[in-house]
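The values are calculated or read from the model by the stated rules, or taken from the named source; none is laboratory data. Remember, it's a predicted structure, so these values are computed and weren't measured experimentally. Reconstructed Cβ throughout: ideal geometry from the backbone, glycine too, with neighbour counts over all protein chains shown. Only protein heavy atoms, including side chains, enter the accessible area calculation; ligands, DNA and RNA are left aside. Shrake-Rupley method; radii C 1.70, N 1.55, O 1.52, S 1.80 Å.
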Amino acid sequence: MEMIKLKDLPELERPREKARHFGINKLNNVELLALIIGSGTKDMNVLMVATNLLRYAHSIDALLDFSYQDFLKITGIKEATAFRFLAIGELLKRRGLSDKTINYTDSKSVATRYRYIIGNNKNESMYLLAIDEKGNLIYEKELYVGTKQAFVSSEEEIIDELKRERARFFILVHNHPSNQVTPSEEDLISTNHLKVRAKRNNLLLIDHIIVSNGEDYYSFKEHDNLLK
């Protein structure tokens, strides 16, 4: 049986034309996948490739857990398409890590979000996160630091920022370009120096989290490294 080419289908049965005419939300799952895949093979049109992909995955959600190798098992899925799907999946995961979906009293969640933001930075940088009593983010500000001196010089700025925003609770997050998340002696001393100074101003440092470009992180709170 000869394969039906996409161009031989009625115009409004082709995913791109259907989306243009009725809106992207009117496409079914196979048609949406076909738009991402882009083109078929000499033996399968793009809708057939999309159908095979969905059958193999069993669900749209399962596609988010597909590896590069999983995508390449599907006839008609080439390297560029596999990476396109992986990029879409990564964006969706990052969307779930937006500042509106995280409880900032959970160190792991905070570490995961900021790993994407500063984990790959070649220089050390630090974020000041002001939170409310329920763990919601009030605001964030990036502070660039590379030495103990630079960190200490930021103490006044941190305290002034928190007072101006009327935020009592705060978190620090910074990256280690070496990807070793264990705090240095300077990290330990500077963090607790700030905690003491903040406490004198009725401000409370909840945690200091160190991230890298991997999944490892270090939480001062979890390791009980913050002065009482």
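See the values below:
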read-out	value
Sole exception among (1) farther than 30 Å from E222 by Cα; (2) open to solvent by 50 Å² or more (accessible area, probe 1.4 Å) for D65, by number	(1)
Condition check for S107: of a type in the set (S, T, N, Q) and surrounded by fewer than 17 Cβ atoms within 10 Å (Cβ to Cβ)	no
Residues satisfying the stated conditions in region 162-196, i.e. touching a helix residue (DSSP H, G or I) at 6+ places or on another chain (Cβ under 6 Å) and open to solvent by 20 Å² or more (accessible area, probe 1.4 Å)	E186
Among the candidates Y139, Y127, residue that is modelled with pLDDT under 95 and surrounded by fewer than 18 Cβ atoms within 10 Å (Cβ to Cβ)	Y139
Residue match in region 207-215 (condition: surrounded by 13 or more Cβ atoms within 10 Å (Cβ to Cβ), among the hydrophobic types (A, V, I, L, M, F, W, C) and part of a loop (DSSP other than H, G, I, E, B))	no
Residues located in region 57-111, provided they are modelled with pLDDT of 90 or more and under 11 Å from the mean Cα position of the chain (by Cα)	S109, V110, A111
Tally, over region 202-216, of residues that are modelled with pLDDT under 95 and either among the small types (G, A, S) or closer than 17 Å to E157 by Cβ (or both)	2
